[in-house]
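Below: one structure, written as C-alpha cells.
The values are calculated or read from the model by the stated rules, or taken from the named source; none is laboratory data. Note that the structure is a prediction, hence the values are computed from the model and not measured. When we count neighbours, we look across all protein chains shown, and the Cβ atoms used for this are built from the backbone with ideal geometry, even at glycine.
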Amino acid sequence: MARTATLARSVALFRVFLREQTEPDLFYDALARDSVEQLADHVPLSGATVLDVGGGPGYFAQRFREAGATYVGLEPDAGEMVARGVPEPGTVRGSGEALPVLSGSVDVCYSSNVLEHVRRPWVFAAEMVRVTKPGGTVYLSFTPWWSPHGGHETGPWHYLGGYRARRRYRRRHGHEPKNRFGESLFAVSVGSALRWARRCPDVELLASYPRYHPWWARWVVRVPLVREVASWNLVLVMRRR
C-alpha cells in the first residue's frame with residue numbers, strides 16, 4: 001500500500017468523503033475498495049474468513065468477496081442493517097462489546113470507523129482480538145477525537161467540547177446530530193489506542209499509520225500531540241499471538 005498511498009489517492013478519498021451524507025453508496029464503495037487493498041498488504045484475503053464488526057448494511061461485503069474472502073458482517077443497530085433495504089446476507093446482529101462469535105474462529109477481524117462510537121472502546125478491541133485465530137490479523141481503524149473530523153457533523157465545534165458542540169448543533173438544526181456525544185460518539189485518542197495495542201498481551205502490533213494519508217506522511221503517528229490532530233483516522237494492524 002505504501003506504493004499506492006499517493007497524494008492523488010488521498011485527494012480522491014477526500015473528495016468522495018465530502019459526499020458521504022448525500023451519496024453514501026459512492027463514498028462507502030470507494031472506501032471499501034481502498035480498505036481491501038490496504039488490508040491485502042498485511043494479510044492474504046483469498047480464502048480468509050473476515051468478520052466486519054460494525055459493518056452496517058454491508059457496504060464492504062462485495063469488495064471483500066471479490067478479494068476471495070468469506071465475509072461475515074456484524075451490526076448492533078437494526079436500523080443500520082436495513083439502511084440499503086434487505087440486510088446483507090451473512091450479517092448478524094450483535095454487540096461489538098460482547099461478540100456472539102467463538103474465540104479464535106476468524107482469520108481477519110476488521111472494524112472501520114466504529115471505535116469512536118463505542119462507550120467501552122478497549123472492551124470492543126479486546127473482543128476483536130478474542131475472536132481472531134492465533135496468527136490471524138486484527139485491523140482496527142477509527143477517527144481520533146482531536147482530528148478535524150473528530151466531532152463528525154458537529155465539528156469543528158467539538159474543539160470547544162463535545163457537549164457544547166452537540167448543543168450548538170441542536171440549536172442550529174432543530175434536532176440532535178446523528179452522532180451524539182456521550183451517547184453514540186466518544187473521545188478516543190491516538191495515544192490511548194497505541195498504548196492499549198502495545199500493552200495487550202494477546203497481540204503484536206504490526207503497523208500503525210494515518211489511514212488516508214500518503215505514505216510519506218505516516219511519520220505523524222510518531223509525534224505526540226501532532227498525531228492527535230493530523231492523523232484524521234488511525235489504523236492499527238495487529239497479529240494475534
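If the condition is being in contact (Cβ under 8 Å) with a residue 60 or more places away in the chain and among the aliphatic types (A, V, I, L, M), then the range 137-167 contributes VAL138, LEU140. In the range 198-228, of all residues being without any contact (Cβ under 8 Å) to a residue 60 or more places away in the chain and among the hydroxyl-bearing types (Ser, Thr, Tyr), the one that is surrounded by the most Cβ atoms within 10 Å (Cβ to Cβ) corresponds to TYR209.
Residues checked against (1) within 23 Å of SER208 (Cα to Cα); (2) surrounded by 17 or more Cβ atoms within 10 Å (Cβ to Cβ); (3) among the small types (Gly, Ala, Ser); (4) at pLDDT 90 or above:
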{"site": "TYR28", "(1), (2), (3), (4)": "yes, yes, no, no"}
{"site": "PRO44", "(1), (2), (3), (4)": "yes, no, no, yes"}
{"site": "GLY73", "(1), (2), (3), (4)": "no, yes, yes, yes"}
{"site": "GLY85", "(1), (2), (3), (4)": "no, no, yes, no"}
{"site": "LEU99", "(1), (2), (3), (4)": "no, yes, no, yes"}
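Which of the residues spanning the range 154-184 are of a type in the set (Phe, Trp, Tyr) and not in a helix (DSSP H, G or I)? Hit for the range 154-184 is PHE181, nothing else. All of ARG15, ARG63, ARG19, ARG84 fail the test of being in contact (Cβ under 8 Å) with a residue 24 or more places away in the chain, among the basic types (Lys, Arg) and within 30 Å of ALA230 (Cβ to Cβ), apart from ARG63. Residues that are touching a Ser or Thr at 6+ places or on another chain (Cβ under 9 Å), at pLDDT below 95 and of a type in the set (Lys, Arg): does the range 171-182 have at least one? Yes. Within the range 197-222, the set of residues being in a loop (DSSP other than H, G, I, E, B) and touching a helix residue (DSSP H, G or I) at 6+ places or on another chain (Cβ under 8 Å) comprises CYS200, ASP202, ARG211, TYR212, HIS213, PRO214.
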